[in-house]
1. When the chain is fully extended, how far beyond the present Cα-Cα distance does residue 22 get from residue 132, taking 0.36 nm per residue of separation?
2. Length gain on complete extension for the stretch residue 8 to residue 142, per 0.36 nm per residue less the alpha carbon to alpha carbon distance?
Amino acid sequence: MTEEYLNSTISHAVIPVPCSFAEKQIQATKDAACRGGLEALYMRSNPISVSIAHHLDLESYFRRLRNDQGIYIVYDTGDKEPELTLVSIDRGVFDVIGTVRDKGFRRNDFKMSRMEQQSILAPSRIIELVEELLSESKVELNGIDDIVLSEDPSRTTEAQGVLESYFGKLALAPI
């Protein structure tokens with residue numbers, strides 16, 4: 001379908017994978033891509049893929065001119081459990097500084113409910129996760145340059161408001 005749309009053959013791909021993937025899972029994903037006729041050029045974690053989609057790598061170029069590093073918080077509702085990740089971009093190099101997940105939450109527990117369409121986390125729980133992530137990563141609140149949402153806005157509306165209020169800045173629009 002994509003090849004028809006582009007009117008071109010696709011032979012290479014950049015594939016996002018969860019930060020939690022072990023090397024075995026990454027290799028299995030590469031193998032599946034190969035069986036499908038694709039060469040996986042890069043295996044990127046979801047937060048880094050979203051950062052690239054927001055062109056934060058280009059912003060990194062301008063930071064490099066100022067000899068500066070950018071730190072971004074990425075909110076992802078995830079397939080099973082919501083997660084927050086800190087991504088650092090320094091001279092075009094992306095690095096995951098830290099990730100926290102709400103392991104007590106399972107999306108499957110809420111099948112067919114209206115809540116499944118939203119972030120589901122209580123605002124106080126979102127703030128707890130942010131504070132845990134900042135503490136574990138040794139990053140100050142004012143050290144966060146932008147808030148990045150990795151999901152459809154209908155699934156992150158509540159979390160977006162909580163994060164914007166907490167950090168005192170607007171989130172980048174979800175892609």
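Only the coordinates and a few stated rules stand behind these numbers; no lab work does. Owing to the predicted nature of the structure, the values given are computational and were not obtained by experimental measurement.
1. Numbers: separation 110, 0.36 × 110 = 39.60 nm, distance 2.30 nm.
Extra length available between residue 22 and residue 132 comes to 37.3 nm.
2. Details: separation 134, 0.36 × 134 = 48.24 nm, distance 4.53 nm.
Between residue 8 and residue 142, full extension yields 43.7 nm more.
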